[in-house]
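Read through the structure below, which is laid out as structure tokens, and then see the notes.
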Amino acid sequence: MKPVFLFCLAALGALHIPLVSAEENAPMFQATPVDKLRVAKGFQVELLYSVPKDKQGSWVAMCVDNKGRLIVSDQYGALYRLTPPPAGAMLKSEDVEKIDLDIGGSQGMLYAFDSLYVVTNTKEHGGRGLYRVRDTDGDDTFDKVEQLKKFEEQGGEHGPHAIIAGPDGKSLYVICGNQTALPEYNASRVPESWGEDNLLPRIYGRGFMKGIMAPRGWIAKTDPDGKNWEIQATGFRNEYDAAFNEDGELFSYDADMEWDVGQPWYRPTRVCHVISGVEFGWRNGSAKWPEYYLDSFGPVVNVGPGSPTGVGFGYGTKFPERYQKSLFICDWSYGKLYAVHLKAKGASYEADLEEFIAGQPLPLTDVVVRPQDGALYFTIGGRRVQAGLYRVTWVGGSEAGPLVAEDPSAASARALRHELEAFHVGRNPSAVSKSWPHLSSADRAIRYAARVAIEHQPVTEWKQRALEEKDPQAAFAALTALARHADHASQAVVVDRLLSFDPGLLPRLQRLDLLRATGLAFLRLGDPTPEQKQAVAAQWLKFYPAPSAEENIELSRLFGYLGTPESVAKTVGMLVNAPSQEEQIAYALHLRLMKEGWTRELRTLYFEWFTRAAAYKGGANFAQMIGEIKTDALASTPEEEKKALAGVINAVPKMDAPQFSAEPRSFVKAWVLKDFDDVINVGLEGGRNYANGRKMFGAGMCFGCHRFQLEGGAIGPDLTSVAGKFSPHDLLESIIDPSKEISDQYGAMVFTRNDGTQVVGRVMNMNGDSVQVNTDMLAPGDTVSIDRKDIKDISPSTVSMMPPGMLYTMTKDDVLDLLAYLLSKGNPDDPMFK
């Protein structure tokens, strides 16, 4: 299979192409027909029920009871119970039984311990909380509702969500998004040292949830009676559901902030391994933590833009073993049910994504396995859109597909992590001595577990050891822990110890850890003295610019906090030359409060950048965020300078296609594949210029849609994994001729209205009968609204949203450098990734 690229330079608009054949309009209450779905080979999907939304609402949650019946919930209304029909049959409305109790508005349900547990996200029915519903007289009718836990009344769609059974058979886990504060709890595996931990003031843009501070987005463990609560994890944005695998490891699917697309703090939707005591670093506005921070934990896999809803493993299905072990995750907005094929990697996991079922519109809300028939069931609905119930079965015979190979050392690595996690609640006199050696582990999950174990112990037991630790990896973890828990009197000794390390002797990830530990020392233990500012600046200026974008972003943040004048010229130089808009915005953000170090020429370059950035595109927050950066920058500029630069500051931008480079580029050649026949198989071995390849990734607008090595957009496929999977020839062919093979996962759809007009794009949102179609994937806030009743046909587009000609301003060597850069992951000779 060839890699498929997606580039989006400008709004495609409502494209008019020849009509495709169309069927008669389906009834208004018809859920998406199965013949409009893309289904993985060997599987069959049945539409069992199109929900009459005027009577039974729009379904968002589902569980299986002890008799194999499905219990479902309308987002804004009642609960219902039904028995799935046999193969080939469909449900009728009279087959769906309403649960006639004062309970509803649920976004998560579980049948366990002879009870129906219901998490409500509504002000009605007693308010937001965890409820237990029971049949007390054995007549197979629920007759009692009991509130076990009340959650705060601030809610919305980021409020209380799912509930799942613990792997021990004795516990429950409750999942809540970031509009719900932590409940009253008895213990926390996450160290209770809450903080925003950002060196510079954030910007908010449109201000969604402005003022809401961490800890938010949490998972908690409780008992069947809801009496004792233990916080397991925090720092999610809006994780809707979670599931345990057969090893007892917990996974969730967290939401992005789609308004942040195109900005450096954007985090794609992602599958997270929820290890004990983890903090995933959600913060409001521009303050979100990058995934490489040592006091956070990265994702198993980044998925991309979307709207995560229900998740569940395939255990209990009659699927091939590969799919029984898969984590199925629902994306509501893009209509995709993914199979996540997890692979153990040390004490944690990595994963491959497979588009299992997809359709437009297909607003997936939940997924469950019914052990009684070995089938997978999923629902669509939410926000009052048309709901439906579907069943998935395997019909592919013995054809099973490859199994995921298990890392032979993974079981022992997980066992070690679990030993360390046993110290995450309460104090233990042996915790420090047993955990300390693992602060230097090469396994990030083990390092994380060791640090959290130490943070749960009294600081007096390990402070001196932290200050005397010689191994850099262990020292940075220990000093981070000390910064988070020591008193202000420790500031000087912690900073002095951090200053003793030479960044030039450290690998890239340890340099990032040192930068993070230094920032936390000032944030938690006290502002730097003038002497400390000078010392830290001297420690890092000789290393600035650094080899990687991540380091330069963190260094510009640190220098912006310290007010280091000598850094300004270097940061402006990177602002002008960085190949991606995300990297440029980070430098602009960190420069905005600098008062010293400017010259007239540097300020001219800085404010000229805002004129160029006006043509950049992103989510709904984008223009406001850029405007806030400029407003702060102007407030930091003396009045006489503003007068002198008035022409630059007030320049009217040209709203053409975005140009990420200040360097003008001209046409070189309309390259075709045969132009590279002489070098494509021999021209990438050694001697290629990876830095120029990264520059070409920006010049060709690749960063606008694609993510590579933790930077760039997330609209098209993440290209980090192309190394080892695709040949240079196939990579090049996909760029030169993007429409030759279009990925179902990233292709556009043609929406034909009843009057024959057409809109080309992808479904981004829905509400009632309104379907919001995005026609420019680089500007996800730009949508065309179509009434669902006015859609005559929906068909795949035969034209890639990635236009040809992206290489036309590059020389032949530029193209080869670009390919080498994309294939360079894991290259031990490549300094960019060390």
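The values are calculated or read from the model by the stated rules, or taken from the named source; none is laboratory data. Since we're looking at a predicted model, the values are computed, not measured. Positions of Cβ are generated from backbone atoms using ideal geometry, with glycine treated the same way; all protein chains shown enter the neighbour counts. Keep in mind that these areas ignore ligands, DNA and RNA; they rest on the heavy atoms of the full protein, side chains included. Shrake-Rupley method; radii C 1.70, N 1.55, O 1.52, S 1.80 Å.
Points to keep in mind about this one:
- Some residue of region 393-409 being farther than 25 Å from Ser58 by Cα, modelled with pLDDT of 95 or more and in contact with a Phe, Trp or Tyr (Cβ under 6 Å, 6 or more places away or on another chain): yes
- Gly335 of a type outside the set (A, V, I, L, M, F, W, C) and farther than 13 Å from Ala31 by Cβ: no
- Test: Ala657 is small (Gly, Ala, Ser), buried (at least 16 other Cβ atoms within 10 Å of the Cβ), modelled with pLDDT under 95 and within 25 Å of Asp782 (Cα to Cα): no
- Of Lys149, Lys170, all but one fail to be among the basic types (Lys, Arg) and farther than 22 Å from Gly235 by Cβ; the exception is Lys170.
- Taken as a whole, the condition of being outside any strand (DSSP E or B) and open to solvent by less than 40 Å² (accessible area, probe 1.4 Å) applies to Met209.
- Residues of region 270-294 classified as hydroxyl-bearing (Ser, Thr, Tyr) and either open to solvent by less than 10 Å² (accessible area, probe 1.4 Å) or more than 28 Å from Gly207 (Cβ to Cβ) (or both), total: 1
- Of all residues in region 757-781, those that are within 20 Å of the chain's Cα centre (by Cα) and at pLDDT 75 or above total 3.
- Some residue of region 307-324 being modelled with pLDDT under 95, open to solvent by 10 Å² or more (accessible area, probe 1.4 Å) and in contact with a helix residue (DSSP H, G or I) (Cβ under 7 Å, 6 or more places away or on another chain): no
- Within region 467-484, the residues that satisfy the criterion of being surrounded by 20 or more Cβ atoms within 10 Å (Cβ to Cβ) and in a helix (DSSP H, G or I) are Ala474, Ala475, Phe476, Ala477, Ala478, Leu479, Thr480, Ala481, Leu482, Ala483, Arg484.
- Checklist (1) under 28 Å from the mean Cα position of the chain (by Cα); (2) closer than 19 Å to Ser441 by Cβ applied to Leu515, failing item: (2)
- Matching residues in region 412-442 - criterion: being without any contact (Cβ under 8 Å) to a residue 12 or more places away in the chain, part of a helix (DSSP H, G or I) and open to solvent by less than 60 Å² (accessible area, probe 1.4 Å): Ala415
- Check on Arg600, open to solvent by 10 Å² or more (accessible area, probe 1.4 Å) and on the phi < 0 side of the Ramachandran plot: yes
- Only listed residue being hydrophobic (A, V, I, L, M, F, W, C), at pLDDT 70 or above and open to solvent by 20 Å² or more (accessible area, probe 1.4 Å), chosen from Leu816, Leu823: Leu823
- Number of the condition not met by Glu184 [criteria: (1) assigned to a loop (DSSP other than H, G, I, E, B); (2) open to solvent by less than 50 Å² (accessible area, probe 1.4 Å); (3) not hydroxyl-bearing (Ser, Thr, Tyr)]: (2)
- Residue among Ser276, Ser286 that alone is within 30 Å of Ala614 (Cβ to Cβ) and either modelled with pLDDT of 95 or more or not in a loop (DSSP other than H, G, I, E, B) (or both): Ser286
- Summed over region 444-466, residues that are more than 25 Å from Glu230 (Cβ to Cβ) and open to solvent by 30 Å² or more (accessible area, probe 1.4 Å) total 4.
- Strands (runs of 3 or more DSSP E) within region 79-158 that include 3 or more residues open to solvent by less than 60 Å² (accessible area, probe 1.4 Å), farther than 22 Å from Lys55 by Cβ and among the aromatic types (Phe, Trp, Tyr): none
- No other residue among Ala347, Ala375, Ala358 is over 26 Å from Thr83 (Cβ atoms) and surrounded by fewer than 24 Cβ atoms within 10 Å (Cβ to Cβ) apart from Ala358.
- Pro86, sole failed condition from (1) over 26 Å from Gly138 (Cβ atoms); (2) in contact (Cβ under 8 Å) with a residue 12 or more places away in the chain: (2)
- Residue within region 330-338 that is at negative phi and surrounded by fewer than 21 Cβ atoms within 10 Å (Cβ to Cβ) present: no
- So Glu455, is it farther than 21 Å from Glu566 by Cα, at pLDDT 95 or above and touching a Pro at 6+ places or on another chain (Cβ under 7 Å): yes
- Long-range neighbours under 7 Å by Cβ, at least six apart or interchain, first residue touching a residue at least 12 places away in the same chain (Cβ under 8 Å) within region 180-209, second among the hydroxyl-bearing types (Ser, Thr, Tyr): Arg189/Ser276; Val190/Thr234; Leu199/Tyr561; Leu200/Tyr561; Arg202/Ser286; Ile203/Ser286
- Within region 109-116, at least one residue is touching a residue at least 24 places away in the same chain (Cβ under 8 Å), hydroxyl-bearing (Ser, Thr, Tyr) and under 22 Å from Lys150 (Cα atoms).
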